[in-house]
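None of the figures in this text is laboratory data; all of them are computed from the coordinates on show. Values in this document were obtained by computation on a predicted structure and should not be read as measured data. Using ideal geometry, Cβ is built from the backbone for each residue, glycine included, and neighbour counts are taken over all protein chains shown.
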């Protein structure tokens with residue numbers, strides 16, 4: 001098992017997990033010190049610490065740690081195989097439980113153009129999990145510090161994201177924005193934030209088209225076009241700052 005690759009992939013997906021490491025063993029034990037497993041809320045994700053009752057106990061404790069809403073410090077435990085685990089063989093095992101708490105501010109950006117390039121570079125310094133999707137591979141390849149996703153039909157990715165994400169549309173134009181927004185309205189009607197880059201005139205046109213498609217009025221009313229606070233000029237980084245200021249304002253309400 002490539003432990004660090006598995007951990008990286010979980011982190012990219014915004015999934016919290018616990019790494020359980022067998023640090024010592026005395027007497028009869030099902031695995032050697034150094035054995036590891038990764039535990040998510042669903043249970044065993046990867047690896048083994050010997051299987052059987054020992055592994056079941058480690059998974060149970062790992063899942064209990066993940067029930068908390070905040071980061072837990074590393075925790076060491078020593079289990080007697082007979083008294084604590086209920087095994088017939090004697091001995092003791094020691095485990096280290098390390099909790100990796102995923103960021104719970106997911107931001108999904110559709111479009112990887114000039115403003116999105118500036119926006120993602122700043123967001124990568126903040127405590128959030130950003131995914132940026134575009135059908136243009138050459139633009140996706142320029143993204144730094146965020147989860148970059150190339151997809152020929154970006155709207156098809158909408159159902160894969162947390163409905164509580166902040167959704168931003170920064171595509172090549174309203175003809176590309178509307179299909180994505182339509183999918184967001186179906187999948188994440190009550191998302192905390194949905195915005196589109198552009199003018200007020202563009203916003204009126206988008207909202208009219210969404211209404212004609214049958215999108216609920218509550219979604220249309222909260223759609224921010226143009227998104228961002230009214231500050232700065234038309235430099236991509238200044239526009240990015242205005243958008244981030246609005247995202248922070250909504251997040252902290």
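Before moving on, here are some points about what is shown:
- Relative intensity of region 106-251 on a log10 scale, I(q)/I(0) at q = 0.16 Å⁻¹, equals -0.79, per a Debye sum over C-alpha point scatterers of equal strength in the absence of solvent.
- Among beta bridges that DSSP assigns inside region 106-251, antiparallel share in %, nearest 5: 0
- Quick note on region 78-170: its Rg to Rh ratio, both from C-alpha atoms and Rh being the Kirkwood radius, is 1.34.
- If the Kirkwood radius is taken over C-alpha pairs of region 1-114, then at 20 °C and 1.002 mPa s the Stokes-Einstein diffusion coefficient equals 142 µm²/s.
- The order of 235, 134, 84, going from fewest to most other C-beta atoms within 10 Å of their C-beta, is 235, 84, 134.
- For region 137-206, alpha-carbon Rg over 2.2 N^0.38 Å: 1.13
- The residues 193, 237, 110, when put in order of fewest to most other Cβ atoms within 10 Å, stand as 237, 193, 110.
- Radius of gyration (Cα atoms) of region 168-227, expressed as a multiple of 2.2 N^0.38 Å: 0.95.
- Considering only beta bridges that DSSP places wholly inside the chain, some 55 percent are antiparallel.
- This ranking places 218, 124 by how few other beta-carbon atoms lie within 10 Å of each, fewest first, which gives 218, 124.
- Efficiency of FRET between residue 200 and residue 2 - r from beta-carbon atoms, R0 45 angstrom, step 0.05: 0.35
- Surface/4 of the Cα convex hull for the chain, nm²: 15.6
- Gap separating the Cα centres of region 174-194 and region 110-148, nearest whole Å: 19
- Each helix, a run of at least 4 DSSP H residues, gives -39500 (n - 2.57); summed and divided by the residues of the chain, these come to -10500 deg cm²/dmol at 222 nm.
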